[in-house]
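Here is the structure we will look at, set down as structure tokens.
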Amino acid sequence: MCVLMLCDYVCVQAQKLLRERLCHQKLPDQPVGLDSQYKHLLELLRRTAVHGESNSVLIVGPRGSGKTMLLGCVLRELMSLREVQKNVLLVELNGLLQTDDKIALKEITRQLHLENVVGDKVFGSFAENLAFLLEALKKGDKSSSRPVLFVLDEFDLFAHHKNQTLLYNLLDVSQSAQTPVAVVGLTCRLDVLELLEKRVKSRFSHRQIHLFSSLSFGQYVDVVRAQLSLPPDFPDPKFSDEWNHSVTKLCEDKTVEEILRRNFNGSKDFRSLHSLLFLAVSRVSVSHSTLREADLIEACRLISADSKANVLHGLSILELCLIIAMKHLNDTYDGEPFNFQMVHNEFKKFIQRKSHSIHKFEKPVVMKAFEHLLQLELVRPVDSGVCKVQREYQLMRLMLEHGQVMEALQKYPQCPTDVKQWALSAFG
């Protein structure tokens, strides 16, 4: 009994360790294969932090190429310098979160801990507000300001802000001698400079650091093996050896190799790989204490599951019938928009033919089902603005492919045979 409990405990500890590793990746001491980019960025930011020299730079590369990792390693190295630790301020903004300049300015104020200084002051312009914030950071002797590092993740999204006011003012400050400021932008768009207005572009230093993933499939598999292996200092060496041996065998399996290659070809981003491995590790239990091929197959199925097809499995028979009616209208009119009245007529024709197997629904009930599909965003109005047309005649489009509807029908629990035959028929 005690031996069984010990085995259970060891298995749970191994699973916990691997899940934590996949969720919380530690930064490497130095990014592998990015030595020149690392030295270049470190030197740029060091000149701002130590010598008060303003700079601006863009880190450009596809998702998963290591932009955030590179910047994280550089900042960690920079903050380890004694003269930098208590002097430099870091402001991190993200284009997905700070969707306009007003929100961005509030976030800058919060991160610089200047809410009390700003108080209820009213500023005439964005530039005036930013200048006040930077002025408030001056040291007691008023001779020098504290250097500020601005990190703009998803930099291209800031270019869509009205008049690009945030970018203009940050880059303008970095060009002047007022305050030592470094502006670091991270983006996956190679054409990002084309998005900038002329006045913004003229204030940018045009320094760009390009990152491209040179990872081969062999190296990718090595990463998988390293991520799934237990460390040498694991409490139970016997279990650790068995686990690591099973991981090595698993990585050599043809089916697993195919899954990993598909994932590799789709995205070299390690975040998507960690999601896949996390799901596989989560399936390990006391009854099977090693990773199996079936675990990775199931994890792959879950991660690549079609969310819209899954929504279809939860629809009522009436809603499913309306989806099939829309599919037939799409096939008949070659993808042209349709309205509720057309869908209702198509559904009525089916009911008249198969009245013995499907319950007859009143028009208001059918309308309610149609509106539910609209809420689920399986159907979308062609004109998203305010429409003066009656609801029954408002033009709609089906947001599902033919294959998604057919796949959902095959998996729909206890779907009436007549409904399946209607979906398979070439006419409504």
(request) Consider only pairs whose beta carbons are under 8 Å apart and that are at least six residues apart or on different chains; among these, list those whose first residue lies in the range 184-196 and is of a type in the set (Lys, Arg) and whose second residue is surrounded by 16 or more Cβ atoms within 10 Å (Cβ to Cβ) and modelled with pLDDT under 90. (result) ARG189/LEU195
(request) Give the residue, chosen from ASP172, ASP191, ASP153, that is of a type in the set (D, E, K, R), under 23 Å from GLU43 (Cβ atoms) and open to solvent by 10 Å² or more (accessible area, probe 1.4 Å). (result) ASP153
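Residue by residue, here is whether (1) under 24 Å from GLN341 (Cβ atoms); (2) surrounded by 15 or more Cβ atoms within 10 Å (Cβ to Cβ); (3) in the same structural domain as LEU315 (by the TED database); (4) not small (Gly, Ala, Ser) holds:
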{"site": "VAL365", "(1), (2), (3), (4)": "yes, no, yes, yes"}
{"site": "PHE370", "(1), (2), (3), (4)": "yes, yes, yes, yes"}
{"site": "LYS388", "(1), (2), (3), (4)": "yes, no, yes, yes"}
{"site": "GLU392", "(1), (2), (3), (4)": "yes, no, yes, yes"}
{"site": "MET406", "(1), (2), (3), (4)": "no, yes, yes, yes"}
{"site": "GLN410", "(1), (2), (3), (4)": "no, no, yes, yes"}
{"site": "PRO413", "(1), (2), (3), (4)": "no, no, yes, yes"}
{"site": "THR417", "(1), (2), (3), (4)": "no, no, yes, yes"}
(message) Just to check your reading of the model, which residue among ASP295, ASP269, ASP253, ASP233 is more than 30 Å from MET69 (Cα to Cα), of a type in the set (D, E, K, R) and not assigned by the TED database to the domain that holds PHE347?
(response) ASP253
(request) Quick one: count up the residues across the range 67-99 that are in contact with a Phe, Trp or Tyr (Cβ under 7 Å, 6 or more places away or on another chain) and in a loop (DSSP other than H, G, I, E, B). (result) 1
(message) Condition first: farther than 14 Å from TRP422 by Cα, β-branched (Val, Ile, Thr), touching a Pro at 6+ places or on another chain (Cβ under 9 Å) and at pLDDT below 90. Can you find one or more residues in the range 315-330 that meet it?
(response) no
(request) Report, by residue number, each residue of the range 171-183 that is more than 10 Å from LEU134 (Cβ to Cβ) and among the hydrophobic types (A, V, I, L, M, F, W, C). (result) LEU171, ALA177, ALA182, VAL183
(message) Regarding the range 410-422, can at least one residue be identified that is within 17 Å of ASP334 (Cα to Cα) and either modelled with pLDDT of 85 or more or of a type outside the set (S, T, N, Q) (or both)?
(response) no
(message) Being assigned to a helix (DSSP H, G or I), surrounded by 13 or more Cβ atoms within 10 Å (Cβ to Cβ) and modelled with pLDDT under 75 narrows it down to one residue among GLU107, GLU135; which is it?
(response) GLU135
(message) Looking only at residues that are aliphatic (A, V, I, L, M) and crowded, with 18+ Cβ neighbours inside 10 Å in the range 216-246, which one is nearest to ASP35 (Cα to Cα)?
(response) VAL224
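The values are calculated or read from the model by the stated rules, or taken from the named source; none is laboratory data. Computed from a predicted model, the values in this text were never measured in an experiment. Note that we place each Cβ from the backbone using ideal geometry, even for glycine, and neighbour counts take in every protein chain shown. Areas reflect the complete protein model, heavy atoms only, side chains present, ligands, DNA and RNA absent. Shrake-Rupley method; radii C 1.70, N 1.55, O 1.52, S 1.80 Å.
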